[in-house]
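Report on one structure; see the data block that follows.
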Amino acid sequence: MLKILKTASAAILSLAFVSVANVQAFAKDIWVLETTEGKVEIELLADVAPKHVERIKTLTKEGFYNGIVFHRVIDGFMAQGGDPTGTGTGGSDKPDLPAEFNNIPFDRGIVGAARTQNPNSANSQFFIMFKEGHFLNNQYTVFGRVIEGMNIVDALERGQGQGGVVPESTRDSIKTATIETR
């Protein structure tokens, strides 16, 4: 009887460790952007874009995104931010990242890494899709998806003209950015 109890106790203890490990394995990093319009929560996808996610986490922890504007917002397409100069030409002081193209399609709420014509030039800028844009698939790195607050993204001030540049006087901004693990 004692042997059975020891075996049962070992099995229960083993299951407890597996359960804790499984919970940790499913923990997700959430990028929380408190904007002038409200809060947006973005699940970061480290499994498909680990270098891009690590960059977002590093810059967020450094306070880089606090006060950054959405400088380019094209109705029916996307909202772009992450440039400290607000011109669309700036980035962080960190080196550019290599592309991490993946199979996640650019659908509504997907967050991608903005870049120049060079696929390996993403740095700090990002964009959030208003609607499907599959022509971007395998051309830009997907690193996140909006899980809460897409209505806030929809409320961002739209830009003017084909380039969607938002006038400085009406730009929305990221008041604070944080990372939460859930």
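Some points to look at:
- Long-range neighbours under 9 Å by Cβ, at least six apart or interchain, first residue more than 19 Å from Val153 (Cα to Cα) within region 55-79, second assigned to a helix (DSSP H, G or I) and not aliphatic (A, V, I, L, M): Phe64/Thr58
- Taken together, the residues in region 40-78 that are assigned to a helix (DSSP H, G or I) and of a type in the set (A, V, I, L, M, F, W, C) amount to 3.
- Residue among Asn137, Asn120 that alone is surrounded by 15 or more Cβ atoms within 10 Å (Cβ to Cβ) and either modelled with pLDDT under 95 or in contact with a Pro (Cβ under 7 Å, 6 or more places away or on another chain) (or both): Asn137
- In region 150-166, the residues that are modelled with pLDDT of 95 or more, at positive phi and open to solvent by 60 Å² or more (accessible area, probe 1.4 Å): none
- Residues located in region 145-161, provided they are in contact (Cβ under 8 Å) with a residue 24 or more places away in the chain and closer than 23 Å to Thr87 by Cα: Ile152, Val153, Asp154, Ala155, Leu156, Glu157, Arg158, Gly159
The values are calculated or read from the model by the stated rules, or taken from the named source; none is laboratory data. Being a predicted model, the structure only gives us computed values, none of them experimental. Neighbour counts are summed over all protein chains in view; Cβ atoms, including those assigned to glycine, are modelled from backbone coordinates with ideal geometry. To get the accessible areas, we keep the full protein, side chains included, count just its heavy atoms, and leave off ligands, DNA and RNA. Shrake-Rupley method; radii C 1.70, N 1.55, O 1.52, S 1.80 Å.
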